[in-house]
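**Student:** Take a look at this one; I'll ask things after.
The values are calculated or read from the model by the stated rules, or taken from the named source; none is laboratory data. None of the values given here were measured: they were computed from a predicted structure. When we count neighbours, we look across all protein chains shown, and the Cβ atoms used for this are built from the backbone with ideal geometry, even at glycine.
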Amino acid sequence: MKKIYMFILLIVIFFPKITIINITGTYVGIRIEDICVAFFVLVYILKCKLNKKKMLNHKLKHICKLFCIYVAFSTISTILGILYGNIEIKLAIMYEIRKIEYFLFIFIGYEFIKSENDWKMLIKIIDLSLIVHTIFILLQNFGIVGAFSNGEYIQTIEKSRLCSTFNGPYEFAAYLLILLPIYVCRILENAKNIKNVIKSIIMILLVFIGIYYSESRISLFAGIFMLIIIPILDKRVSIKKMISILLIGTLAIMIIFFTIINIFSINIVENEKFERYRTIDIMSMWEATKIAWNNKDFERYMEYGYYIDTMNDTDYSYLTRINKWMALIDGSMKNPLLGLGISIAKEACDGNYIRIIAETGIIGLICWGDIIRRILKDFKADNDINCMIKYGMYCLLISAIFIDIFESSKIMMFYWFVLGCAYSKEMMEVKIKNENSTSFDVNI
């Protein structure tokens, strides 16, 4: 079974999203990972039947309870949305099932870790994934290989935003972003080991190179922010040591990063790919926000989709977002507590907090926030994976401002999987500690 769990993880990390069976009347379908999860659920149910004493980490049980509460409220919201005619039944059911499917990966991860070697294998797979995806985007950059979009292979063109084997650049950047804390924490943990520091700096560089080529500005901002904030939050580091690492490390990474980018982009100042990072104008964004607020119309959004009321000098991606958000906020006023039902935000809202409020209301946002609060409470940044879980969640929370990150299949499947691994490792360590304690008592 362990090989099957690893196979599922490898599909999520490396394999593109390819729809095997289309669900008529929707823009979603059944993929390979869906079949793998269905198989796992059947096997897991059989194992639980045969082993009724099967133990779960008590912290994992608490997360499961919180998730069930969230699902219960989201189901009520969805039923109301269907009854009021706001959402389509088939699409709503598919979206609800997707959320549950992503969460099931926490159990796959929990089953995967049974020994210290499994833990080491997980870390090796994560390190390998960063190297493989970096090579892939460089090949895409030179037009040697293409990319997959909505399950279809497309040839990468010169000005494309690169995404490796992920479904989109935002998803690829988010994946890299949640890996970043691993390598920052390795530097903090073994600052005296020069070889380890150099390896970690190289991996951090690969993260930023990938994010740069994805052109995800929120991910780049979150990455730089976490690069600064992690040493400050890490209690293992003294103030003097933290300042030294922060200044020297950040300076070294930025110098090497821009040197490498210049090699591949010839001239970063004139390069069109860099132009996306210079289109932010706060004043014009504020003006566009006021116009979108004054002209918000949920009924028009439901009939025609998102629309843009102004085409000033504001960045186009912000214009599309702010008009969607205001329309959804206008609609959520009809039922602010429970929202309008899962799938009301359609395929993309490009802002996960707005999406949650629109779909499940303030209650849904509180329930989802409670799950995140519990995760952050359960883990201390005392090893590679725990650093990723804790600080990686901060990265996701920042990304969620402009990206539907908690709806992304690859990101959430991977995060829940690793979270399950961490809970399993903690359970394993407690079991070993208890066995040693019992053995010690017997010897006495």
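**Student:** Do we have ALA92 as among the aliphatic types (A, V, I, L, M) and without any contact (Cβ under 8 Å) to a residue 60 or more places away in the chain here?
**Tutor:** Here the answer is no, as ALA92 does not meet what is asked.
**Student:** Take the residues of segment 393-410 that are in a helix (DSSP H, G or I) and of a type in the set (S, T, N, Q): which is modelled with the highest pLDDT?
**Tutor:** Looking at the filtered set, the residue picked out is SER399.
**Student:** Could you say whether any residue in segment 193-213 is in contact with a helix residue (DSSP H, G or I) (Cβ under 7 Å, 6 or more places away or on another chain), farther than 22 Å from LYS124 by Cα and modelled with pLDDT under 90?
**Tutor:** Scanning segment 193-213, I find at least one residue that is in contact with a helix residue (DSSP H, G or I) (Cβ under 7 Å, 6 or more places away or on another chain), farther than 22 Å from LYS124 by Cα and modelled with pLDDT under 90, so the answer is yes.
Conditions tested, residue by residue: (1) within 19 Å of the chain's Cα centre (by Cα); (2) surrounded by 11 or more Cβ atoms within 10 Å (Cβ to Cβ); (3) in a strand (DSSP E or B); (4) modelled with pLDDT of 80 or more.
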position: LEU10; (1), (2), (3), (4): yes, yes, no, yes
position: ILE20; (1), (2), (3), (4): no, yes, yes, no
position: THR26; (1), (2), (3), (4): no, yes, no, no
position: ILE35; (1), (2), (3), (4): no, yes, no, yes
position: VAL41; (1), (2), (3), (4): no, yes, no, no
position: LYS47; (1), (2), (3), (4): no, yes, no, no
position: LYS53; (1), (2), (3), (4): no, no, no, no
position: PHE67; (1), (2), (3), (4): yes, yes, no, yes
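**Student:** Okay, moving on. Collect the residues in segment 74-102 that are assigned to a helix (DSSP H, G or I), among the hydroxyl-bearing types (Ser, Thr, Tyr) and surrounded by fewer than 17 Cβ atoms within 10 Å (Cβ to Cβ), keeping them in residue-number order.
**Tutor:** Residue satisfying the conditions is THR75 alone.
**Student:** Grab the helices (runs of 4 or more DSSP H) fully contained in segment 285-380, keeping just those with 3 or more residues being of a type in the set (A, V, I, L, M) and either modelled with pLDDT under 85 or under 30 Å from HIS58 (Cβ atoms) (or both).
**Tutor:** 352-378
**Student:** Shifting gears a bit: Out of ILE385, ILE401, report the one residue that is in contact with a helix residue (DSSP H, G or I) (Cβ under 7 Å, 6 or more places away or on another chain) and buried (at least 20 other Cβ atoms within 10 Å of the Cβ).
**Tutor:** On inspection, the qualifying residue turns out to be ILE385.
**Student:** Turning to a different aspect of this structure: Go through TYR423, TYR394, TYR353, TYR415 for me and flag whichever is surrounded by 24 or more Cβ atoms within 10 Å (Cβ to Cβ), under 15 Å from the mean Cα position of the chain (by Cα) and hydroxyl-bearing (Ser, Thr, Tyr).
**Tutor:** After ruling out the rest, the residue left standing is TYR415.
**Student:** Check ILE157 against each of (1) modelled with pLDDT under 85; (2) of a type in the set (Val, Ile, Thr); (3) closer than 28 Å to ALA381 by Cα and name the one condition it does not meet.
**Tutor:** Status for ILE157: all satisfied but (3).
**Student:** Related question: Quick one: would you say CYS421 is at pLDDT 95 or above and in a helix (DSSP H, G or I)?
**Tutor:** no
**Student:** Here's something else I'd like to know. Looking at (1) modelled with pLDDT under 90; (2) within 26 Å of LEU338 (Cβ to Cβ); (3) not polar (S, T, N, Q), which is the only condition ILE106 fails?
**Tutor:** (1)
**Student:** Does at least one position in segment 178-188 carry a residue that is modelled with pLDDT of 85 or more and charged (D, E, K, R)?
**Tutor:** Checked segment 178-188: at least one residue is modelled with pLDDT of 85 or more and charged (D, E, K, R).
**Student:** Let me ask you something else. Specify which of the listed residues (GLU359, GLU407) is buried (at least 21 other Cβ atoms within 10 Å of the Cβ), more than 15 Å from the chain's Cα centre (by Cα) and in contact (Cβ under 8 Å) with a residue 12 or more places away in the chain.
**Tutor:** GLU359
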